[in-house]
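For reference, the structure is listed below as structure tokens.
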Amino acid sequence: MNQNTLIGILIPFAGTALGSAMVFFMKKEMNERLQKLLLGFASGVMMAASVWSLLIPAISMTEEKGGIPWLPPAAGFLLGMGFLLVLDTLTPHLHFTDEKPEGVPAHLKKTTMLVLAVTLHNIPEGMAVGVTFAGVLSENTTMTLAGAFALSVGIAIQNFPEGAVISMPLKSQGLSKTRAFAYGALSGIVEPAAALVTILLTRFVVPFLPYFLAFAAGAMIYVVVEELIPEAQSGAHSNISTVGVAVGFVLMMVLDVALG
């Protein structure tokens with residue numbers, strides 16, 4: 001693995017860590033309107049990344065190989081949705097807006113389940129980064145280094161508010177600023193880990209790259225529909241989160257088109 005790839009898979013984690021560090025600079029709980037804006041922004045980035053960075057390249061690759069253009073993207077997308085559905089069903093976790101934990105019953109601390117919820121969000125993002133860099137390393141696909149970095153930077157941008165969204169509530173749960181930052185940052189460590197595993201399996205991934213790209217897209221869309229949008233639309237000020245979606249979607253789209 002070369003230096004560019006290592007930097008690329010670490011960029012999203014850096015975004016989470018920097019966002020979590022906001023706990024040292026913000027004295028009170030995060031403003032509800034700001035939190036909804038950031039949740040909407042993250043949703044918009046993930047939706048645009050799923051389309052421009054993952055699904056469209058999957059369709060293009062399949063067409064170049066003479067296959068049925070819609071088959072790998074459709075199959076991979078549904079498999080990705082199913083994979084996250086299984087993880088969501090089995091993993092004990094708790095969302096900030098919920099009182100009752102989800103997943104298999106477990107005697108875990110509330111803070112642990114809050115971190116697990118965000119960790120679930122980060123798995124598909126790490127897979128998405130990993131599969132794009134795996135395509136670049138194979139040197140025989142339409143994936144470009146600039147396009148892979150565009151996805152990595154886009155996810156890092158949406159990870160920044162996500163890191164803040166987790167570290168601030170953890171502090172309000174009674175954790176020290178240092179521990180809240182550590183938990184928030186560590187929730188993002190799964191991203192480079194998932195990306196690294198994907199890259200190490202490049203020789204097996206590349207022949208099925210359109211499926212893997214669509215798989216990552218399906219997993220990301222599951223997170224958006226199941227978790228981010230419901231949290232952003234609950235209660236008052238839901239129109240603010242809608243604005244966030246628009247901004248995040250356009251920003252990620254511009255990044256991918258301009259750099260990819």
Rough spin-label spacing in nm, given labels placed 7 Å along Cα→Cβ, for Leu259 and Ala193:
2.5
For the chain, the longest principal axis of the Cα atoms and the Cα long axis of helix 110-138 enclose an angle in degrees, to the nearest 10, of 20
Proximal lysine pairs in the chain, meaning Cα under 25 Å and 8 or more positions apart or interchain, come to 22
If I model a spin label as a point 7 Å beyond the Cα along the Cα-Cβ vector, how far apart are those points for Ala236 and Thr144 in nm?
4.8
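Net charge around Thr132, counting only other residues with Cβ within less than 14 Å of its Cβ (Lys, Arg = +1; Asp, Glu = -1)?
Numbers: positive: none; negative: Glu125, Glu139, Glu191, Asp256.
After counting each charged neighbour, the total is -4.
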Would you mind working out the magnitude of the charge dipole of segment 109-260 relative to its Cα centre, with +1 at each Lys and Arg C-beta and -1 at each Asp and Glu C-beta, to the nearest 20 Debye?
540
Inter-label distance for Ala106 and Glu63, nm, one decimal - labels placed 7 Å from Cα along Cα-to-Cβ:
4.3
Of the heavy-atom accessible surface of the chain (probe 1.4 angstrom), what whole percent is carbon and sulfur?
70
Calculate how steeply helix 145-172 sits against the longest principal axis of the alpha-carbon atoms of the chain, using the helix alpha-carbon long axis, and give the answer as 0 to 90 degrees to the nearest 10.
20
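Suppose every K and R has +1 on its Cβ and every D and E has -1 on its Cβ; what is the size of the dipole of the chain about the Cα centre, in Debye to the nearest 20?
Dipole magnitude for the chain comes out near 700 debye.
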Specify the residue with the greatest mean-square fluctuation among Leu84, Leu170, Leu34, computed from a Gaussian network of the chain linking alpha-carbon atoms under 10 Å apart.
Leu34
Work out the charge dipole of segment 1-257 with +1 on the Cβ of Lys and Arg and -1 on the Cβ of Asp and Glu about the Cα centre, then indicate which of Ala75, Ala164, Leu120 is farthest towards its positive end.
Ala164
Have a look at Leu186, Ile155, Val254 and report the one farthest towards the positive end of the charge dipole of the chain, computed about the Cα centre with Cβ charges (Lys/Arg +1, Asp/Glu -1).
Leu186
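Take every Cα pair under 8 Å in segment 1-257 that's 6+ residues apart, average their separations, divide by the length, and report that relative contact order as a whole percent.
Details: 466 pairs, mean separation 116.4, N = 257.
Worked out over segment 1-257, it gives 45 percent.
The values are calculated or read from the model by the stated rules, or taken from the named source; none is laboratory data. Everything numeric in this text was worked out from a predicted model, so none of it was measured. Every residue, glycine among them, receives a Cβ derived from its backbone with ideal geometry; neighbour counts consider all protein chains shown. Accessible surface areas use protein heavy atoms only, side chains included; no ligands, DNA or RNA. Shrake-Rupley method; radii C 1.70, N 1.55, O 1.52, S 1.80 Å.
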